[in-house]
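This report refers to the structure that appears directly beneath it.
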């Protein structure tokens, strides 16, 4: 029964009570007439045939952020009698828009009706579509009958990709799957071509001038003859993120990661995305293979320290390591520094999570940036008001003299 029907039922009771109290037979007649109308409407709706089948096609089923998809519903009357006029509402998630309801005219037996709609990928995600609900009402709008028709479908919307300026020292070490002889890199940028000694490195690769300058063993980076590799670390821990909607810290982190992955892919890097510990580190893939993974990603509690230990043991190889993380605690900061020792170049975007929820800046984010800078990383702090591309540009501007400044800050 609709709201109008419920109100009419209440009116029947009120009219009947008034007729008995005031002794006005006309009110009793009105109550009986309205009651008969309600019962007639209910019977009319119940006996109406509603044998419909619905098929859905979605082209394409995967969208870039902001893209559009053509949704087509094919409605068929399976009965031997005409169906009444009805409303057909498709179960579309609110993130993809609202108002996906269609008025269906009377359908003769076996008649087919095509309905079309457009979906816009305004939000990242993997969206389940359906079911379709058919609704029939009596002419007075007192009673309605609904029938749910399961019509499964999935629409995947990739994360938003922000253009990033080129120029970061991404190094050139290749992935672990590469084969062939190694050759030493001869470029002179210490941040890109010299790294700290890791147990097991060939001592013949020790770079003595850098060792003398830094007071610890430094080795020349080596690179394979195959395509270079980069590893992107994404912090997905639910308890560490804040904010709601597309400007929450988690959504910005995912979109920023997607932008970095795309940026690396256009520069010829095979990319490995790491967000949780695994038995075997995933192989480098092109950006197109990671976008569905990022589209379906949801915040959850994972063992980030365990993942950092895996990276420190060589899971990320010797290429570039880029971290998109929330402010790490002291132990996590040390683990992150250790994880990056085997990388040829190290970059970090630290999200100031408090600002994404409208709070004041968190000193832990600035402390993490300073600590990473002192350890030889190129790091920047991203607040809720910042554009990711601007902070990426900030990474490009960090040079060796800024590392010295960061050391002074932490001392």
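The values are calculated or read from the model by the stated rules, or taken from the named source; none is laboratory data. Since the model is a prediction, treat every value here as computed from it, not as a measurement. Note that each Cβ is placed from the backbone with ideal geometry, even for glycine, and that neighbours are counted across all protein chains shown.
Within region 267-280, track down each residue that is without any contact (Cβ under 8 Å) to a residue 40 or more places away in the chain and in contact with a helix residue (DSSP H, G or I) (Cβ under 8 Å, 6 or more places away or on another chain).
277, 278
Which of the residues spanning region 373-384 are touching a strand residue (DSSP E or B) at 6+ places or on another chain (Cβ under 6 Å) and either in a helix (DSSP H, G or I) or under 17 Å from residue 240 (Cα atoms) (or both)?
Hits for region 373-384 are 373, 381, 382.
Does residue 71 satisfy being crowded, with 17+ Cβ neighbours inside 10 Å and touching a helix residue (DSSP H, G or I) at 6+ places or on another chain (Cβ under 9 Å)?
The answer is no for residue 71.
Say whether the condition of being assigned to a loop (DSSP other than H, G, I, E, B) and touching a strand residue (DSSP E or B) at 6+ places or on another chain (Cβ under 8 Å) is met by at least one residue in region 246-266.
So far as region 246-266 goes, no, none of its residues is assigned to a loop (DSSP other than H, G, I, E, B) and touching a strand residue (DSSP E or B) at 6+ places or on another chain (Cβ under 8 Å).
Can you confirm whether residue 58 is farther than 30 Å from residue 161 by Cα and either in contact with a helix residue (DSSP H, G or I) (Cβ under 7 Å, 6 or more places away or on another chain) or not assigned by TED's automatic domain parsing to the domain that holds residue 295 (or both)?
no
Which residues, taken from region 350-372, are closer than 18 Å to residue 390 by Cα and assigned to a helix (DSSP H, G or I)?
Those that are closer than 18 Å to residue 390 by Cα and assigned to a helix (DSSP H, G or I): 353, 355, 356, 365, 366, 369.
Could you list all residues from region 138-165 that are surrounded by fewer than 21 Cβ atoms within 10 Å (Cβ to Cβ) and farther than 30 Å from residue 287 by Cβ?
Of everything in region 138-165, those that are surrounded by fewer than 21 Cβ atoms within 10 Å (Cβ to Cβ) and farther than 30 Å from residue 287 by Cβ turn out to be 139, 140, 141, 144, 145, 146, 147, 148, 149, 150, 151.
Considering only residues that are part of a helix (DSSP H, G or I) and exposed (fewer than 15 other Cβ atoms within 10 Å of the Cβ), look in region 10-24 and name the one that is farthest from the chain's Cα centre (by Cα).
Only one residue tops the list, namely 22.
Quickly run through region 323-349 and pick out the residues that are crowded, with 24+ Cβ neighbours inside 10 Å, in a loop (DSSP other than H, G, I, E, B) and at pLDDT 95 or above.
Of everything in region 323-349, those that are crowded, with 24+ Cβ neighbours inside 10 Å, in a loop (DSSP other than H, G, I, E, B) and at pLDDT 95 or above turn out to be 326, 328.
Within region 65-82, take every residue that is in a loop (DSSP other than H, G, I, E, B) and touching a residue at least 40 places away in the same chain (Cβ under 8 Å) and give me the one that is nearest to residue 109 (Cα to Cα).
67
Would you please list the contacts, defined by Cβ atoms under 8 Å and residues six or more apart or on different chains, that run from a residue in region 18-44 that is more than 15 Å from residue 8 (Cα to Cα) to a residue that is loosely packed, with under 12 Cβ neighbours inside 10 Å?
19/25; 19/26
Show the residue pairs that are 6+ apart or on different chains and have beta-carbon atoms under 8 Å apart, the first residue being within region 239-252 and without any contact (Cβ under 8 Å) to a residue 24 or more places away in the chain, the second being buried (at least 19 other Cβ atoms within 10 Å of the Cβ).
245/251
Residue 50 - would you say it is within 22 Å of residue 147 (Cβ to Cβ) and either modelled with pLDDT under 90 or in contact with a helix residue (DSSP H, G or I) (Cβ under 7 Å, 6 or more places away or on another chain) (or both)?
Yes.
Out of 362, 352, I need the residue that is touching a helix residue (DSSP H, G or I) at 6+ places or on another chain (Cβ under 6 Å) and buried (at least 24 other Cβ atoms within 10 Å of the Cβ). Which one?
352
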